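Peer 1: Have a look at this one.
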Amino acid sequence: MTDVPSAARPLEDAEAQTPIDGLDPSTDEARNRIEKLISALGVEAVIWVDDIHFSAGEGNAEDVTEPLAASMPLQASVVELLRSDDSGAGAAEVDEDDPAAIADFVRESWSGFSAGLQSRLLETARTMQQDLAEHVASEQIADDLRAQTALATVFDGIAEFVPMSMTDWTAGWRDLLHDGRKYLVLFDRTFTREQPGADDKGEELLGELVGEVSVNVWAGLLTRHANDEASERDLTHSLRQRFPAHADRLIAIGKFRTSSLQLLPAGLRALLLVRELGAYRKLVGEALDAAAQAAASAFSELSDYAVVEAIAVAQEEGSFELDHPLRLAHHAHSGTLAVSLRDDSFASESLPALRGASVGAFRNAESDAAQIRALLRADTFEADEHVNRLGLPVEIGDIFRMQPPPGGEAKTFILLGQACDLSVRSKGLRTPEIRTVTLSRILHAADGGTGGSRHEIGYLEAGSDQRWAIDLRAGYDLMVPVCVLDATVFNEDGRSVIALDYVESRPMAASWLARLVALQKQAKKAIDTYASYEGQLKKVSSRDKILASVAADLTAGSTDPKSGVSVQIDSQAKTVTYGLARVGRLRSEIAMRTADMAAQYRSRPAFELGLVRETVT
C-alpha cells in the first residue's frame, strides 16, 4: 500500500494524546502509537478472523465457571471481559485472584449480562478447553485468551473493529471488502474449533485474500504459533514459500504481543509496511550489486603506473600499501550507492508509506532490541575481531583496558589526540618522535561526569545494554608511553607484549614492521639489564619488590596502577608484558569528531572574567 494521507505527520509533530481513563500506561501508550500508525496509512477498519469468535451453540454460566479453577489465564480473561462490559457492573469489586469469587459473580449475574458478553465469555472458555485438548502450552493459551480483550481495547475508537469467526468470514468477505474502505485483516492460523483438522486454515484464507485483493487491504497472520520473534520470522518464511507469487505481502506476527501490549505497535507496523520493506530490501540489494561493479570497474581503469605510484605514496606516509590504491574504488562505490538509492519509482511508490508510518521508535521484543543495540554498536565501533586480528596501526579512537590490580577494577581508556602525530613513517618512527600520549577515561554512562564533561559513545561491549561515556576532565587522564600502545598491534588478542623472538607474519604496512624491530631493540636492552639485576639480587630478601621497580624504570612502566601501566619482564622467555590491552576502536569519523570536541572542552575558559558580581535582592 502506498496511498498515504497528506495529513500524516511524524510523531514529534503529532498532537499530544490524552490518557484514557481506566487504562494502564502501557496500554494507553500502545493505543496512542497504533492510532498514529493506523491514521498515517489511512486504515479505516480492522477485521480479526479467529475461531475464538465461534459460538458453537448456546451455553450457560456453568460452561464458564466449571473450568475457571484449573486455568489462571481463563480467570484473568473472564475478569477483563466482565470489567470491559457495562452489563458486568460490580466486577471491579471481585477478587481477580480468587476463582471461587469470580465463579460466584458469573453465576449470580449471568442473567443480567448482555447477550454479547455472554457470548464472549462462552467463546473464551471453549477456546481454552480446545487448547487444552490439543495440549497447547500454557503461555500460548494465555496469549490466545488475552488477544480477545487486548485487541478490542487498543482498536476501540481508532478504527472500526470487526471480530468474526471463519464461518462468518467465508460467508461474505468479498462483499465486505469491496466498499472502497481500507482494511487491516488479521487471521488466526488454526481454526480447529470450527473445522476439525484445520490446523493451518488461516494460511489458506490469507493466501486466498492477497491473491484476489491488493489495492485496499493489508493482511497477515496473528497467531499463538508464533510465540517469539524468531518463530515470527520462521512462520513468515514458511508463508512466503507457500505463496511465492505474493511473498512481498505476507507476514506473521505473534499473539504474545497482545500479552505485552507495548510490543504490539512494532508488530503491526511490520505487517502494514511489509510490501514497502520488501521493496526497500530489493532496492538495496540491487544498489549494492551496482556499487560493487562500479568499484571494480573504477579500479580496473587504473594504470599500472598509478597503482605503483599509490603504493609508493603509502610507503612514504606509513599506511598499508595495499589499501592506498583502493581509494578511488571506494569513492565509486559510495557514489553509486547514493545514486542507486535515489530511485524515482521507489520514491513515488514506497517511500511515502515508510515516511508516514515512521511515527516514532516502537519497542519490540528483547531479541530485536538486542539487534538494534548491535546495529548502533556496529555504527559506532569497528568490528571486534577487525582491529587486533589484522594488526591495524594505533589510531585515535583506540580503546584500551588496564589489567586490574588485586581487588581493583579494570579501568578503560580511549586515545584522543592529533592523528598525524600518531602516524608511524617509513623507518618505523614518528616525526617528530613522541614518547608519551594521554588517554582519557571511559566510564559507565551513569557514572561518568555531568553536563559538558561527559560524552557518550554507546554500547562498548557486545551483548551488553550498558552505555559508556568518555569523561573529558583532566583529573581522569592517564599518561602512558606510546610504545606500550604500539606493542598491542603485534598481538591478535590486543595484549601489550613485546617478544624478542616474535616474527610478524600478517600483511601490514612496512612502517609498522620497522616499528616492531625498533620495539624489540628497545625491549632487548631492558631485558638484558633486568637479567643482570636478577643475578645480583638472588639473595636479597626484598628481591621481588626491587625487581618490580627495576622493570618499571627500564620500560617506563609503573608499580602504581593510579599513575601508569604495570609491567613484567621475563628474562627467560625474553618478553616485556604490560598490563594493558587494546579492546576496541571508535570508527575514524566518530573518533575525529570526539577528539575535536575534547580539544574544545580542554580549551574552555576557567573564569567568566566579570569585573564585579552583581548582588541580586
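Peer 1: Any idea which of (1) within 24 Å of the chain's Cα centre (by Cα); (2) at pLDDT below 90; (3) not polar (S, T, N, Q) is the one GLU409 doesn't satisfy?
Peer 2: Exception for GLU409: condition (1).
Peer 1: Evaluate region 324-332: report whether one residue or more is farther than 29 Å from MET592 by Cα, of a type in the set (Gly, Ala, Ser) and modelled with pLDDT under 95.
Peer 2: Pass one, region 324-332, residues farther than 29 Å from MET592 by Cα: none.
No; the residues of region 324-332 include none that is farther than 29 Å from MET592 by Cα, of a type in the set (Gly, Ala, Ser) and modelled with pLDDT under 95.
Peer 1: So, one more: Inspect region 201-208 for any residue being at pLDDT 95 or above, open to solvent by 50 Å² or more (accessible area, probe 1.4 Å) and more than 22 Å from the chain's Cα centre (by Cα) and give the result as yes or no.
Peer 2: yes
Peer 1: Here's something else I'd like to know. Could you go through region 11-31 and let me know if any residue there is touching a Gly at 6+ places or on another chain (Cβ under 6 Å) and modelled with pLDDT under 80. Write out each step before concluding.
Peer 2: Within region 11-31, the subset touching a Gly at 6+ places or on another chain (Cβ under 6 Å) is 11.
If we keep only those that are modelled with pLDDT under 80 too, we end up with 11.
Yes - at least one qualifying residue is present in region 11-31.
Peer 1: Then there's this: Hey, does region 152-162 have a residue that's in contact with a Lys or Arg (Cβ under 7 Å, 6 or more places away or on another chain), open to solvent by less than 20 Å² (accessible area, probe 1.4 Å) and of a type in the set (A, V, I, L, M)?
Peer 2: Yes - at least one qualifying residue is present in region 152-162.
Peer 1: Looking at (1) at pLDDT 90 or above; (2) surrounded by 14 or more Cβ atoms within 10 Å (Cβ to Cβ); (3) within 39 Å of the chain's Cα centre (by Cα), can you tell me which one GLN262 breaks?
Peer 2: Failed condition: (1).
Peer 1: Same structure, new question: Just give me the residues in region 374-426 being acidic (Asp, Glu), over 17 Å from LEU443 (Cβ atoms) and free of Cβ contacts under 8 Å to residues at least 24 places away in the same chain, in sequence order.
Peer 2: Within region 374-426, GLU385, ASP421 meet the criteria.
Peer 1: Next up: For GLU123, only one of the following conditions fails: (1) open to solvent by 30 Å² or more (accessible area, probe 1.4 Å); (2) farther than 26 Å from GLU35 by Cα. What is its number?
Peer 2: (1)
Peer 1: Now for a separate question. Taking helices (runs of 4 or more DSSP H) that do not extend beyond region 114-188, which have at least 1 residues that are over 25 Å from ALA76 (Cβ atoms)? Please lay out each step first, then the result.
Peer 2: On the way: elements: 115-133, 138-155, 166-177.
Of the helices (runs of 4 or more DSSP H) lying wholly inside region 114-188, those with at least 1 residues that are over 25 Å from ALA76 (Cβ atoms) span 166-177.
Peer 1: Within region 550-586, count every residue that is at pLDDT 95 or above, part of a loop (DSSP other than H, G, I, E, B) and within 43 Å of the chain's Cα centre (by Cα).
Peer 2: 0
Peer 1: Exactly one condition in (1) more than 21 Å from ASP144 (Cβ to Cβ); (2) open to solvent by 70 Å² or more (accessible area, probe 1.4 Å); (3) assigned to a helix (DSSP H, G or I) is not met by ASP95; state its number.
Peer 2: (3)
Peer 1: Next up: For the subset of region 304-338 comprising residues that are of a type in the set (S, T, N, Q) and under 33 Å from the mean Cα position of the chain (by Cα), which member is most open to solvent (accessible area, probe 1.4 Å)?
Peer 2: By that ranking, first place goes to SER334.
The values are calculated or read from the model by the stated rules, or taken from the named source; none is laboratory data. It should be emphasised that the depicted structure is a prediction, and the values quoted were computed from it without experimental measurement. Quick reminder, even Gly has a Cβ in these numbers, built from the backbone with ideal geometry, and neighbours come from all protein chains shown. Note: accessible area is taken over every heavy atom of the protein model, side chains too, but ligands, DNA and RNA are not part of it. Shrake-Rupley method; radii C 1.70, N 1.55, O 1.52, S 1.80 Å.
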